């Protein structure tokens, strides 16, 4: 009975959030003079097309890694809003290293991936150091570091430094990574699925194992629950904060690595931005659970891939952004309500269990 009750409340929150989002967005569509049912059918049909599914899965991998990077910080009550800067600088340096080396494939690819993780970890560790040694909010420091990373990349990407100028355009990019640094793709549904998704799956499995089955994961969660209690129990809490931020940055450095190794094979200013806020949102939606983050990442990609079809049918594509924002707020609110309800139920059960003992004690006194 307890398992069924727990399962019910676990499903109640996301279901309620989705229903609220659909109702709210339907009202907005009606105000705009659009048919809500037709709009939702259009999103579903366009997003489920075979060629779009491949693009959605590739985007899901990038979003998933950003979500895992954010979730690691959440476990320590850290908001790693610097994922965007960490990922861009990591991909840029990894592309430069990949373009400058000519090694066998079994060495070249791991070198590029390792470079991205190291750069992401080092860049994130700056905010971790400032948090531990100077008590500077990681949010403020990461916002600053994002700006610094953008400026540094722009400076280094000049043709006179590490970048190249395109022959037919003014776009600046790094030297092309040789074939030995490419990762293969799987040809399915008429598209090319990045094999880097396998790396994302490994990251998710390791995230779950380390977090739930290791001493480090226990110390991480304990420090996140209570900084003072963790220190009192012998855990080096400042060290855990620093390491957690570095690990989060290392995972962030893998974001969009599949795009680099299986598609563009070079870094340019055309690489997407905004992964920080997306990663934080997906970590919230997925409750920092690897499977939950994966489902949320695919749903996010599904909506974004279907957005262009709305413009072609007279519906503003911004309705997708509205759906994403609404479902975040609705999910967070729903989980908080469920949390309070379950807490009250547990308190009642404890009170009901203690009542007979109190009565027995009173009879014994008499």
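Coordinate-derived values only; no laboratory data. Source: prediction; values computed, not measured. Cβ atoms come from the backbone with ideal geometry, glycine included; neighbour counts cover every protein chain shown.
Assorted remarks:
- Separation of alpha-carbon centers, the stretch 73-123 and the stretch 20-51, rounded to whole Å: 38 Å
- Solution diffusion estimate, µm²/s, Stokes-Einstein, the stretch 230-356, Kirkwood Rh from C-alpha pairs, 25 °C, viscosity 0.890 mPa s: 131 µm²/s
- Neighbour-count ranking [beta-carbon atoms within 10 angstrom, fewest first] of 257, 117: 117, 257
- In plain terms, the bigger the Kirkwood radius, the slower the diffusion; for the stretch 59-306, with that radius from Cα pairs, at 10 °C and 1.306 mPa s, Stokes-Einstein puts D at 86 µm²/s.
- When the chain is treated as a GNM with alpha-carbon contacts under 10 Å, the residue of 221, 344, 88 showing the greatest mean-square fluctuation is 344.
- P(r) tail fraction, the stretch 212-282 - alpha-carbon pairs more than 20 Å apart, %: 49 percent
- Rounded tilt (10° steps) of 275-285 against the dominant C-alpha axis of the chain: 30 degrees
- Arranged from fewest to most other beta-carbon atoms within 10 Å of their beta carbon, 68, 320, 132 become 132, 320, 68.
- Helix 83-100 and the long axis of the chain differ in direction by around 30°, with both axes built from C-alpha atoms.
- Relative to the longest principal axis of the Cα atoms of the chain, the long axis of helix 197-213 makes an angle of roughly 30 degrees.
- Reducing the stretch 127-181 and the stretch 226-286 to their Cα centroids gives an inter-centroid distance of 16 Å.
- Of 195, 233, 180, the one that fluctuates the most in a GNM where the chain has Cα springs shorter than 10 Å: 233
- For the stretch 48-99, diffusion coefficient by Stokes-Einstein and Kirkwood Rh (Cα), 25 °C, 0.890 mPa s, µm²/s: 191 µm²/s
- Relative contact order (%) - criterion: Cα under 8 Å, at least six apart; region: the stretch 59-306: 41 percent
- Solvent-free Debye scattering, log10 I(q)/I(0), computed from the Cα coordinates of the stretch 121-252 at q = 0.19 Å⁻¹: -1.13
- In the stretch 268-333, the ratio of gyration radius to Kirkwood radius, Rg to Rh, stands at 1.02 when only Cα atoms are counted.
- As a proxy for reagent exposure, 11, 277 were ordered by neighbouring Cβ count within 10 angstrom, fewest first; the result is 11, 277.
- Surface/4 of the Cα convex hull for the stretch 64-205, nm²: 10.9 nm²
- Mean residue ellipticity, 222 nm, helices only, the chain: the sum of -39500 (n - 2.57) across DSSP H runs of n ≥ 4, divided by residue count and rounded to 500, is -25500 deg cm²/dmol.
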